[in-house]
Amino acid sequence: MIGFLQNLIDALSLGSLYALAGLGIGLLFGILRLTNFAHGDFITFGAYALIVPSLDVMATKFIGGWPWYLMLPVVAALVVVMALLSDLLVFRKLRQASAPTLMIASFALGYIIQNTILMVYGARPKAIDMWSNLQQQVTIGELRVPQLQLVTIGATVVLMVGLSLFLGRTSYGVQMRAAAEDFRMARYLGIKANFVIGLAFAISGVLAAMTALLFVSQTGTLSHMMGVPLMLFAFIATVIGGMGSLVGAVVGGFAVGFVSVMLQAYLPEDLRSFRDAFVFTVVIVVLLFRPSGLIRAKALVQRV
Amino acid sequence: MNDGRLMRFAREWWPVVSLGLGLVLIVGVVGQLGGDQTRVTLTEMLIRMVVVIATYLFIGNSGILSFGHVGFMCIGAYAAGWATCNPAWKQLMLTGLPVFLREEEYPFLLAVAGGGALAALVALIVGFAIMRLSGIAASIATFAFLAIVNSVYSNWDSVTAGTSSIIGIPQVVGPWEALAFVLLSMVVAFVFQKSRYGLMLKASRDDEVAAKASAVDIVKVRLIAFVASAFLVGMGGALYGHFLGVLTVDIFYMGLTFITLSMLVVGGIGSLFGAVVGVLAVTLVVEVLRACEAGITVGGTKIALPQGAQEIGLGVIMVLILLFRPAGLTRSREVPWPFVRRGAKPAGEPAEQAQPAE
């Protein structure tokens, strides 16, 4: 029982990361029908913003050395600028393009970001020590939990509550939800398209920055490809959860986290190295039974 | 009369004939003039062209973006590698192989066909499930397939040598061998897209509901395209193995998936012409940038782009192409028939769709 609870907390903290990244992807998909492969590289960029640009193996902290109440907004602002620039330079001109074109454009953009980071910071992964005092364990009854996992889960909850308050209670939030529901109708009703889309990019930038901070403090390393696997799992999570639905992105994120942790824990020893094969088989099976995801977004159901 | 029929035939097959002649010319000239390094680049490009054309056969006609095709490439490459690599090494390292593969050595062509066949068989099984899905769910399912192949092949040590590599595969593929397979896959793709099944599949791409209402068995036509395309991709993978001489699992993953998909999208996702042009264009850009990175000597001073500029440049150029030609360089059209007289009666060809539906 204790073992299971321990695994459950692992699953929650891994799922939190997927859910946060998934929200960033799902938000843009809902409004733009853009599957943003560059999101993973936004995350990478946020993580590298913490250190001084150099080719050295040992990372020297720059923004990463500041107190957290300064660090969070500055990193967030940097990633937001990156996200807005991407919209301005690339996606704004592709509003009418087909889904594959958008997808490849976002991939190309991510490729540019990755290789720029590679050029500036070098190819070798760098060690960075962020909030290592959070590695201490907290004992709750018989459960021993690293503080960091609690912080991750807590931060995710705070961000999700914040986002849902923003979407539910503010005028801009309502505009965004309207745009996600029916973009053309929303424009007829006087919603400024580029503003709403810019807002979505900005929020997805903030989410990417927070994902980056939590992820770096868990892994303690930086590499120019670090965002890619996270983005892939998050992307799968949004599809499993229901593309276009934000609740779906969160549910999907936790579901993927749960399945990977539980398979890792409970698969027989000699099958454990094949864990990913099992995770992705589960993905295909879920899709076969729920092709539009666990939570169906209304706007995506084709009406005939 | 006979003449007219010949003309019609020539016109009907023009998209393939023109591309084929063009490629023969390119391979002839570049292969003659260039050195060894050029021939290697040329061969790799042609092998990628086999894969991109085969991928087009499925994606272009069905409208489903597949991330899984490189998985079939992996399957084909390994199957062919098992058949041709040195038996002494196989018996030592790949103890899990069935006896007929472990003990014997097979000729190259048989190995390539075997690679294609195994890929097609897997496609039939997987496709039976995945082809029921549409749109983004289908794309993700194909990606999941790629991830499964990657996970299985990098951990099934007794058959695939795990994360270490299969070595000693004869390097028999040069530009002309690769070109032969390019021509073969062009013909297959062209025959398919003109066939009854090809038309039904395109109908399902453009309007799934209407196609269903017109009694198109969507799962079946998709599955036919998926299996045919997996067969060709599997052969492309087998060629790749016999070009590199060494196989590792990691070359068949995200990087190759995206470079092949980018080639297709840059060229134009909805036509054979697009697939070929995309491969040529992206390869050309990469080679020019690589040359610039190595440095060009102008009047005694060497000008070179900084290391890493090649990748960034490729990304920038891809974005630019997509911004200015969102439907691809060819706008997804086939090679137009150049001998149209004014007032000539147009042939009864159905016009190509400019854009596949999502």
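Here are the numbers for the structure shown:
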quantity: Failed criterion for B:V152 (all others in (1) over 14 Å from A:S273 (Cα atoms); (2) assigned to a helix (DSSP H, G or I); (3) in contact with a helix residue (DSSP H, G or I) (Cβ under 9 Å, 6 or more places away or on another chain) hold); calculated: (1)
quantity: Candidate set: segment A:81-102, residues that are assigned to a helix (DSSP H, G or I) and at the interface with chain B (Cβ under 7 Å from one of its Cβ atoms); chosen: the one surrounded by the fewest Cβ atoms within 10 Å (Cβ to Cβ); calculated: A:K93
quantity: Residue match in segment A:48-61 (condition: at pLDDT 90 or above and not in a loop (DSSP other than H, G, I, E, B)); calculated: yes
quantity: Odd one out for B:D250 among (1) over 30 Å from A:K93 (Cβ atoms); (2) within 14 Å of chain A (Cβ to nearest Cβ); (3) crowded, with 24+ Cβ neighbours inside 10 Å; calculated: (3)
quantity: Criterion: touching a residue at least 24 places away in the same chain (Cβ under 8 Å) and touching a strand residue (DSSP E or B) at 6+ places or on another chain (Cβ under 8 Å) - qualifying residue of A:A38, A:A47, A:A99, A:A83; calculated: A:A47
quantity: Residue under evaluation B:A215, criteria (1) buried (at least 24 other Cβ atoms within 10 Å of the Cβ); (2) not in a helix (DSSP H, G or I), criterion not met; calculated: (1)
quantity: Filter result (more than 20 Å from B:V285 (Cβ to Cβ) and β-branched (V, I, T)) within segment B:20-42; calculated: B:V24
quantity: Segment A:103-134: number of residues that are under 23 Å from the mean Cα position of the chain (by Cα), more than 10 Å from chain B (Cβ to nearest Cβ) and surrounded by fewer than 19 Cβ atoms within 10 Å (Cβ to Cβ); calculated: 6
quantity: Elements of type helices (runs of 4 or more DSSP H) in segment B:62-140, at least 1 residues being under 18 Å from the mean Cα position of the chain (by Cα), of a type in the set (G, A, S) and surrounded by 23 or more Cβ atoms within 10 Å (Cβ to Cβ); calculated: B:69-84, B:108-130
quantity: Scan of segment A:123-156 for residues that are free of Cβ contacts under 8 Å to residues at least 40 places away in the same chain and β-branched (V, I, T), ordered by number; calculated: A:V138, A:T139, A:I140
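For (1) within 25 Å of B:V16 (Cβ to Cβ); (2) in contact with a Cys (Cβ under 6 Å, 6 or more places away or on another chain); (3) part of a loop (DSSP other than H, G, I, E, B); (4) modelled with pLDDT of 50 or more, each residue gets a yes or a no:
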position	(1), (2), (3), (4)
B:I317	no, no, no, yes
B:I321	yes, no, no, yes
B:G328	yes, no, yes, yes
B:S332	yes, no, yes, yes
B:V335	yes, no, yes, yes
B:R342	no, no, yes, yes
B:P350	yes, no, yes, no
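Each row is one residue, and each column tells you yes or no for (1) under 24 Å from B:G328 (Cα atoms); (2) surrounded by 22 or more Cβ atoms within 10 Å (Cβ to Cβ); (3) over 13 Å from the mean Cα position of the chain (by Cα).
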| site | (1), (2), (3) |
| --- | --- |
| B:S164 | no, no, yes |
| B:V221 | no, yes, yes |
| B:H242 | no, yes, yes |
| B:V266 | yes, yes, yes |
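The values are calculated or read from the model by the stated rules, or taken from the named source; none is laboratory data. Small disclaimer: the values here were computed from a predicted structure and weren't measured. Heads up, the Cβs are rebuilt from the backbone with ideal geometry, glycines too, and the neighbour counts pull from every protein chain shown.
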